[in-house]
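A short write-up of the structure that comes next.
Readers should treat all values here as calculations from the given coordinates under stated rules, not as data from a laboratory. The shown structure was predicted, so the numbers you read here are calculated from the model rather than taken from an experiment. Virtual Cβ from ideal backbone geometry, glycine too; neighbours counted across all protein chains shown.
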Amino acid sequence: MRKRLRIFLGIIGFIAIMFVKPAVLAAQADDVDQKIITISVYETPRLKVTKTLTIKRGQTVNWWIPSMENTEFADDPSWVFSYWYRKDTQEVVTNEIKFYEDCSVYAVWDYEVPKPPTDGDYLPGYEEEEEDDTLLIQQIRTAKPVIKSLKNIKGKKLRFSIKSPIEVEDYEIRYAANKKFKGYKKLYSLYDEKRTTINKLKKGKTYYIKVRGCKICNTKMYYTKWSKVKKIRIKK
């Protein structure tokens, strides 16, 4: 009886191997396909994809200095490229960074406002505006954005949206683990999404967060008031 049982189990095992082996091979083939990843590159402030890079998983990219040429900002010399940025991991992207998954990389630009020329000096890119922007500047300075839908999501992250009474170019976001914002961290929403995510937080800590809008008027950057401070405890 035991001998028959061993023979029966041996036949069952052989049949299982015959069926499982093709499935394993198929999974391995799928894994080979997944070794190719795609990086969407946003080179200009208006966040239009300008390049799509296809590389092998674990490879680096030889990054370049992007240009404003052929964009609506081409005639404004105040835009200066700062660095490449990956928003999902909140890290500066360099030639040493390796990529293991599909993602998007943004070019972060600074706006360096030229100083008015003194008597007898000429400063390229500076043109004195005759329009009176007093009312618009007042609207910017008195506007106060609101943080909405602030919540803790899985992975020790914060997610929220921002609502502003006026249109702005970007939002400056500050957050810290204390009410006085001592040692705060700063990031920008990068013009693109209505929802912003903050990663790499510590479980069990309470974080305080505030935002303000940034808007350029007459070649100068102006800021709205800071939003009301919100706080939230990281539980997951």
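Across all directions, the average flat footprint of the convex hull enclosing the Cα atoms of region 43-100 is 4.6 nm². Would you mind getting me the FRET efficiency between LYS144 and LYS202? Use the beta-carbon distance for r and R0 = 22 Å, nearest 0.05. After rounding, the FRET efficiency stands at 0.15. Annotation for region 146-190 versus region 211-236: alpha-carbon center distance of 8 Å. Whole-Hz Karplus values for region 215-227 come out as 9, 8, 9, 6, 6, 10, 8, 10, 10, 7, 5, 6, 5 Hz, taken residue by residue from phi with 6.51 cos²θ - 1.76 cosθ + 1.60 and θ = phi - 60°; glycine and proline positions read x.
A cut-off of 5 Å between modelled amide H atoms, ignoring neighbours fewer than 5 places along the same chain, links LYS156 with LYS236.
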